[in-house]
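These notes concern the structure reproduced below.
Each value in this text was obtained by applying a stated rule to the coordinates, not by laboratory testing. Given the structure is predicted, the values throughout are model-derived calculations rather than measurements. Note: ideal-geometry Cβ built from the backbone for every residue, glycine included; neighbour counts use all protein chains shown.
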Amino acid sequence: MNMPAMKTEPATAVRATTAAPVVTMTPKRPPRADKYIKVARETAARVVPPLIVLALGMLFWELVCRRAGSALPPPSRVFKETKELIFDPFFDHGGIDKGLFWHLSASLQRVALGYSLAAVAGIALGTLVGQSVWAMRGLDPIFQVLRTIPPLAWLPLSLAAFRDGQPSAIFVIFITSIWPIIINTAVGIRNIPQDYRNVAAVVQLNPLEFFWKIMIPAAAPYIFTGLRIGIGLSWLAIVAAEMLIGGVGIGFFIWDAWNSSHISEIILALFYVGIIGFVLDRLIAGLAKIVTRGTALN
Amino acid sequence: MQPYLKLDHIDKIFTRGNASTEVLKDINLTIEKGEYVSIIGHSGCGKSTLLNIVAGLTDPTMGCVLLENREVNSPGPDRAVVFQNHSLLPWLTVYENVRLGVDKVFSSSKTRAERDAWTMHNLNLVQMAHAKDKRPAEISGGMKQRVGIARALAMEPKVLLLDEPFGALDALTRAHLQDSVMALHQKLGNTILMITHDVDEAVLLSDRIVMMTNGPSARIGEVLDVPLARPRKRLELSTNAAYLKCRLRVLEFLYERHRFVEAA
């Protein structure tokens, strides 16, 4: 409550005069305009440098690729050739001739499903490995071997097992993103301070309550590290997997564009892939901040 | 009269590989209801181990702990612990930290509203109700320890176990908190077992002081009655003859007869 606001409120003013000894302390605040200027300045400090670098990069690219006979198109031509795709992402001419929105959403759906399964299974397995010495001795060496297998190496096997592209792609996402989730969760569970376990013992939490009230919040920072690595890996894997399984999806869109020599479309698709990967990462990071309330790491 | 809390011939031997260390040897102690007993000794003498055994967090190698004539060998809210480093859960607010125990202990005997009122009542007892929505990281060390005490008290323990509760605090905060604990003991009549290495603290707060010899194989060396009337006033006691005599006895025990042996 600042001073001008008090003047416009007669009730407050009256109370202030009748009950004179009660003085409400109103901390001095800088005027609103100052605050906006400050926020704008801070935003500019973060946004302007990458924009400048981007502009310089584009300029360099334009200069290198503008001469006739260059293998890759300059940004101006990329924009000219993909204008339709950029401004109309929602068209649907049947088959795989769809707008970019549909391709991206198909890929995102696969990632969402595979990644969610990996998150649930990964946290559960990670908790088991972190909590039980015997589970760790039995499972950890196997995990350490399996996690080094490249995502695409799983694809033929999963195609053989599922006999369909869709579940195979989801399985590849699952198997790619589960390892960092398992390993980080296990480390987080193993690092729960003995103090918290003692508190739980004195209060007599049962195993389920211990899991929800102590383990998950105490290990949350580690779990979210795993989840962030996992989402990055699954977005990396989906593009490669879709190139092979075909159908609607940003991966096959890129492969299709390459087969029809539409280099500009590839560049546009890469741009979208990068932006979405970045957004997914920020999303998990934001979720971590909300869930751990910024206090889990004290 | 049957003793309220009884430590009966407790031995504790830690074994690691082939090496085994006897930490505690033949500890016998009885504590009456409402009594405030301190255990004092040099660091490493096994007093924290002893407290953990009473709390049920560590099993004794031999002997047992009897509470109201029943053997206790697992942790429980009837022997609530105030930990040295407060051990508040950082992702919960002050209120939620206390409520966690309240919800477990009174899950069937109190309604939701009663549990809320009981949580607030205990926060009020330690004068921390004003910070109920703060997180542990946002309050001072002394305040955290107050919340730790509230959490333990809220479980209505039969015995309150204090593990060097003021050890990590500065002298002024410590004195303030000691006064609070004294007032609470006066008001609620809890049975309290406290670990400490501070002679003044032990004499000021306790009805009896249990002095432990140095480890390994630490024993109870001497038990001193503190014949000071309650309520006790810190300033008045500083010149009180009985107080000074008790203090001297403990100091003699610790620094003459059982001097701390470096790296024993």
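For chain B, averaging the sequence separation of C-alpha pairs within contact (under 8 Å, six or more residues apart) and dividing by the residue count gives a relative contact order of 25 percent. When only the Cβ of Lys, Arg, Asp and Glu is charged (+1, +1, -1, -1), the dipole of the protein assembly as shown relative to its Cα centre reaches about 1280 debye. Across the range B:68-81, coupling constants 3J(HN,Hα) worked out from phi with the 6.51/-1.76/1.60 Karplus curve, θ = phi - 60°, read 6, 6, 10, 5, 10, 9, 9, x, x, x, 6, 10, 5, 10 Hz, and Gly and Pro carry x. Each Lys and Arg adds +1 at its Cβ and each Asp and Glu adds -1 at its Cβ; summed about the Cα centre, chain B shows a dipole of about 460 debye. Between helix B:94-105 and chain B there is an angle of about 80 degrees, using the helix long axis and the longest principal axis of the Cα atoms. Highest-first packing order for the peptide set B:99-106, B:134-141 is B:99-106, B:134-141, based on the mean count of other beta carbon atoms within 10 Å. Of A:147, A:32, A:66, the residue with the greatest mean-square motion in the GNM of chain A, using alpha carbon springs below 10 Å, is A:32. Note on residue B:47: aspartates and glutamates with a C-alpha under 12 Å away, same-chain residues under 8 apart excluded, are B:163, B:164. Between 0 and 90 degrees, the angle of helix B:141-154 with respect to the longest Cα principal axis of chain B falls at about 80 degrees. Of the residues A:64, A:116, A:132, the one whose Cα sits farthest towards the positive end of the charge dipole of the range A:20-132 is A:64 (charges of +1 on Lys and Arg Cβ, -1 on Asp and Glu Cβ, taken about the Cα centre).
Among the helices of chain A, those built from whole DSSP H runs whose Cα atoms reach 27 Å or more along their own axis and whose mean Kyte-Doolittle hydropathy is at least -1.0 are A:32-65, A:100-131, A:165-190, A:216-245, A:263-292.
The distance between label points at residue B:187 and residue B:64 comes to 3.7 nm (points 7 Å beyond Cα on the Cα→Cβ vector). Among A:154, A:235, A:134, A:258, the ranking by other beta carbons within 10 Å of each residue's beta carbon, starting with the fewest, stands as A:134, A:258, A:154, A:235.
Determine, from the Cβ-Cβ distance of residue A:146 and residue A:66 and an R0 of 56 Å, the FRET efficiency 1/(1 + (r/R0)^6), rounded to the nearest 0.05. Efficiency for this residue pair is about 0.70. Largest GNM mean-square fluctuation across B:143, B:62, B:120, computed for chain B with C-alpha springs under 10 Å, falls on B:62.
When Lys and Arg each count +1 and Asp and Glu each count -1, what net charge do the other residues less than 15 Å away from residue A:277, Cβ to Cβ, add up to? Net charge in that neighbourhood comes out at +1.
What is the range A:142-298 by shape, rounded, prolate or oblate, if you read a ≥ b ≥ c off the alpha carbon gyration tensor as root eigenvalues and call it rounded for a/c under 1.5, prolate for a/b larger than b/c, and oblate otherwise? Prolate, since a/c reaches 1.5 and a/b exceeds b/c. The charge dipole of chain A, taken about its Cα centre with unit charges on the Cβ of Lys, Arg, Asp and Glu (plus for the first two, minus for the last two), comes to roughly 1280 debye. Across A:160, A:240, A:285, mean-square fluctuation computed from a Gaussian network of chain A (C-alpha pairs under 10 Å connected) peaks at A:160.
Considering only B:50, B:18, B:147, and ranking their Cα positions along the charge dipole of the range B:10-158 that arises from unit charges at the beta-carbon of Lys, Arg, Asp and Glu, the one farthest toward the positive end is B:147. When the helices of the protein assembly as shown are scored as -39500 (n - 2.57) per DSSP H run of n ≥ 4 and the total is divided over every residue, the value at 222 nm lands at -18500 deg cm²/dmol. The value of relative contact order for chain A, using C-alpha pairs under 8 Å at least six residues apart, is 19 percent. With the simple spin-label model, which puts each label point 7 Å out from Cα in the Cβ direction, the residue B:140 to residue A:260 separation comes to 7.2 nm. When the Cα gyration tensor is reduced to axis lengths a ≥ b ≥ c, the ratio a/c is 1.5 or higher for the range B:164-203, and with a/b not above b/c it is classed as oblate. Taking other C-beta atoms within 10 angstrom as a stand-in for reagent exposure, B:87, A:76 fall in the order A:76, B:87, fewest first. The aspartates and glutamates whose alpha-carbon is closer than 14 Å to the alpha-carbon of residue A:80, local same-chain residues fewer than 8 away aside, are A:62, A:88, A:265.
Could you please report the charge total around residue B:64, scoring K, R as +1 and D, E as -1 over all other residues with beta-carbon less than 9 angstrom from its beta-carbon? With Lys, Arg at +1 and Asp, Glu at -1, the neighbours total -1. Charge tally around residue B:197: other residues with Cβ under 10 Å, Lys/Arg +1 each, Asp/Glu -1 each, net -2.
Here residue A:289 is the anchor, and the lysines within straight C-alpha reach of less than 27 Å, apart from those fewer than 8 places off in the same chain, are A:35, A:38, A:213, B:132, B:134, B:144. Amide H contacts for residue B:58 (H built 1.01 Å from N in the peptide plane; partners 5 or more residues away or on another chain; cut-off under 5 Å): B:53. Residues whose amide H falls under 5 Å from that of residue B:217, counting only those 5 or more places apart or on a different chain, are B:22, B:23, B:24, with hydrogens built in the peptide plane.
Think of chain A as a dipole: +1 on every Lys or Arg Cβ, -1 on every Asp or Glu Cβ, centred on the Cα centre; then among A:166, A:33, A:96, A:33 lies furthest on the positive end. Taking amide H as placed 1.01 Å from N in the peptide plane, residue B:162 has its amide H under 5 Å from the amide H of B:82, B:193, B:194, B:195, each at least 5 places away in sequence or on another chain. Return one number: the angle in degrees, 0 to 90 and rounded to the nearest 10, between the long axis of the Cα atoms of helix B:171-188 and the longest principal axis of the Cα atoms of chain B. Roughly 80 degrees between the two axes. Overall, the anisotropy analysis places the range B:62-140 in the oblate class: the square-rooted eigenvalues a ≥ b ≥ c of its C-alpha gyration tensor yield a/c not less than 1.5, with a/b not exceeding b/c.
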